[in-house]
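Notes follow once the structure below has been shown.
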Amino acid sequence: MKKLSQLQSRISTGFSLAEVAVSAFLVMVLAVLSINIAILVFASSVNDKACRDAVRAAAQQPNAAKARVFALASIKNHKTDGFFLSSIQLTNFNYNDFNGNPPPVGLCPLVQVTTSVNVTLPAPVIFFGASLTNKITFSQIYTSPIIKTKIVMP
């Protein structure tokens, strides 16, 4: 009778060791996935805010040259780590004030800014055998009306 109870206690202990091993593996996988998702959310947020601030700064300037300088200065205010997130780049800049002429009906002077950031994830994502890359690029576009335009009336 004593041997049977010892055998049962050994079996239940071995079974709990297998559970700990499996759950430890799952916790590690979920931790890596959570870190990847957190970095992606942070990168998207930083790029979005940098683009929004750049278009606001550019929209308050009277000409295209000043607007571009202010947009670049605004983007440089948003720092990244340089390893997981590259520095934010101004990829497209469009300042359209219709050269001081009144705009066509239905249009207004506008500035459009596009920024992008490259993200390197700490661990590549492997999903059911399909290996995804650990390099992702986020891009954001904002358009805003130009506030300080000088329109020459005929």
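Points to keep in mind about this one:
- Packing rank of 44-50, 64-70, where each peptide gets the mean count of other beta carbons within 10 Å, highest leading: 44-50, 64-70
- Between the amide H of residue 137 and those of 119, distances stay under 5 Å, these residues lying 5 or more places away or on another chain, with hydrogens modeled in the peptide plane.
- FRET E, pair residue 107, residue 76, Förster distance 25 Å, beta-carbon r, rounded to 0.05: 0.20
- Heavy-atom accessible area order for 108, 51, largest first, 1.4 Å probe: 108, 51
- Heavy-atom accessible surface of segment 32-142: percent carbon and sulfur, 1.4 Å: 61 percent
- Paired Rg and Dmax values of segment 23-148, which use every Cα atom, in angstrom: 19.1, 68
The values are calculated or read from the model by the stated rules, or taken from the named source; none is laboratory data. Note that the structure is a prediction, hence the values are computed from the model and not measured. All Cβ positions, glycine included, derive from the backbone under ideal geometry; neighbour counts span all protein chains shown. Keep in mind that these areas ignore ligands, DNA and RNA; they rest on the heavy atoms of the full protein, side chains included. Shrake-Rupley method; radii C 1.70, N 1.55, O 1.52, S 1.80 Å.
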